[in-house]
Amino acid sequence: MDNFIKDDTYEPQPKQDVSAFESSLKSNDTEEKIDIWFYRPIGYQIALFCAKIGMTPNTVTIISIFFGVAAGILFYSQNLWVNVIGMLSLVFANSLDSADGQLARLTNNKSRLGRILDGAAGDFWFISIHIAICLRSMNEGWTALIWIPGVVAGASHVVQSAMADYYRNVHLFFIKGTSGSELDNSRDLQREYDQLTWKNDFGMKLVARTYLNYTKQQEFFSPKLQKLLALVREKFKNGLPQNLITDFRAQNKPLMKYTNIIQFNTRVIFLFLWLFIDQAWIYFFFDIFILNPILIYMVANQEKVSGYFYKKIAAGEYGVKNI
């Protein structure tokens, strides 16, 4: 089992190879209960099936986009049973989204393109959902002004997802190193982007530009974290000392619950609730006025943790790892 971090909150899944299942996860620190008990087991079975038939993680991701977009289209209808089919489609899309990462880890078939595609998949789902809810609301009597909260909520969702994903990868970087994290930085991405040409690498250069902008956005909202990461890379080129890993994990792990709240499960549970009561428009205001304050709180506290460890490392409290 490669670099899997155990803790007391994890309980083995029944009737499956626990070791193999655990190896398909990033880390129990960053997994949500709903994911551990529902999406990850389903995703694991899908990943095993895809591995048997030779399907790649990127193919699984692309299939998830179709199911997620279909869910949004089905939410346009005011027929509850059509909405329920959309809910099941969205749940299956998220199961596929879980499966692509698990498949990549099980088969050691990871790639930056896969990571980019995986992040874009959720954006496609929610673009479809936001458009559907706006059109549905107009059918219910709302004016075109409903597009304002629809767009603001969409922009909020992009930032929320980006920062939640970033903080998870920062946490994994500190507890598992580069092998267990997908943490990128704009400096390296800029160098790779500059090596591509529009003439010979148009598609990849476009993708690289989009991902570079995405990473710069994450870094913009986390200035103290950027200073900490720069100092860590400078001082600990051969790996982090164990006492720093232990201390960072203890301080940072409580913040991981906020990355879960502002990502998929919480927002979708409430979205389904409002679809059941035929008040889908509330979803926009929930995103803006409930999830955004949680985002701000998460970022502020993450910056506090980063400032704390920057001062301790700069003061030489952790020294350099002995090799």
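The values are calculated or read from the model by the stated rules, or taken from the named source; none is laboratory data. Treat the numbers as computed from the prediction; the structure is a model and nothing was measured. Heads up, the Cβs are rebuilt from the backbone with ideal geometry, glycines too, and the neighbour counts pull from every protein chain shown.
Hey, among the residues in the stretch 94-132 that are among the charged types (D, E, K, R) and closer than 17 Å to Gly72 by Cβ, which one's surrounded by the most Cβ atoms within 10 Å (Cβ to Cβ)? My answer is Asp97.
Taking the criterion of being over 14 Å from Ile175 (Cα atoms) and either more than 24 Å from the chain's Cα centre (by Cα) or touching a residue at least 40 places away in the same chain (Cβ under 8 Å) (or both), the residues of the stretch 225-244 that qualify are Leu225, Lys227, Leu228, Leu231, Glu234, Lys235, Lys237, Asn238. Taken over the stretch 221-254, residues that are assigned to a helix (DSSP H, G or I) and within 11 Å of Tyr318 (Cα to Cα) amount to 7.
Within the stretch 187-203, the set of residues being in contact (Cβ under 8 Å) with a residue 12 or more places away in the chain and either among the aromatic types (Phe, Trp, Tyr) or in a helix (DSSP H, G or I) (or both) comprises Leu189, Gln190, Glu192, Tyr193.
Screening Asp278 with (1) touching a Lys or Arg at 6+ places or on another chain (Cβ under 6 Å); (2) at positive phi gives one miss only, at (1).
Listed here are the residues, each with its yes/no results for (1) among the β-branched types (Val, Ile, Thr); (2) in a loop (DSSP other than H, G, I, E, B); (3) more than 24 Å from the chain's Cα centre (by Cα); (4) over 30 Å from Ile294 (Cβ atoms).
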residue	(1), (2), (3), (4)
Leu135	no, no, yes, no
Gly141	no, yes, yes, yes
Gly150	no, no, no, no
Val170	yes, no, no, no
Phe173	no, no, no, no
Leu212	no, no, no, no
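Residues being under 30 Å from Gln279 (Cα atoms), crowded, with 17+ Cβ neighbours inside 10 Å and out of contact with any Phe, Trp or Tyr (no Cβ under 9 Å at 6 or more places or on another chain) are entirely absent from the stretch 172-192.
Residues that are surrounded by fewer than 18 Cβ atoms within 10 Å (Cβ to Cβ) and among the hydroxyl-bearing types (Ser, Thr, Tyr): find the helices (runs of 4 or more DSSP H) completely inside the stretch 264-323 holding 1 or more of those.
Details: elements: 264-276, 282-286, 292-314.
By residue number, 264-276, 292-314.
Suppose we filter the stretch 198-212 for residues that are loosely packed, with under 12 Cβ neighbours inside 10 Å and of a type outside the set (D, E, K, R); how many remain?
Here the count works out to 4.
Pairing each residue of the stretch 295-323 that is within 20 Å of Tyr167 (Cα to Cα) and at pLDDT 95 or above with any residue that is surrounded by 12 or more Cβ atoms within 10 Å (Cβ to Cβ) and of a type in the set (Val, Ile, Thr), provided the two are 6+ apart or on different chains, yields C-beta distances under 6 Å for Leu295/Ile262.
For the stretch 26-43, the condition of being of a type in the set (Asp, Glu) and either more than 18 Å from the chain's Cα centre (by Cα) or at pLDDT 95 or above (or both) holds for none of the residues.
Within the stretch 65-86, the residues that satisfy the criterion of being outside any loop (DSSP other than H, G, I, E, B) and surrounded by 19 or more Cβ atoms within 10 Å (Cβ to Cβ) are Ile65, Phe67, Gly68, Val69, Ala71, Gly72, Leu74, Phe75, Asn83, Gly86. Search the stretch 87-130 for residues being among the charged types (D, E, K, R) and in a helix (DSSP H, G or I), and hand back the single one that is farthest from the chain's Cα centre (by Cα). The extreme case among them is Arg105.
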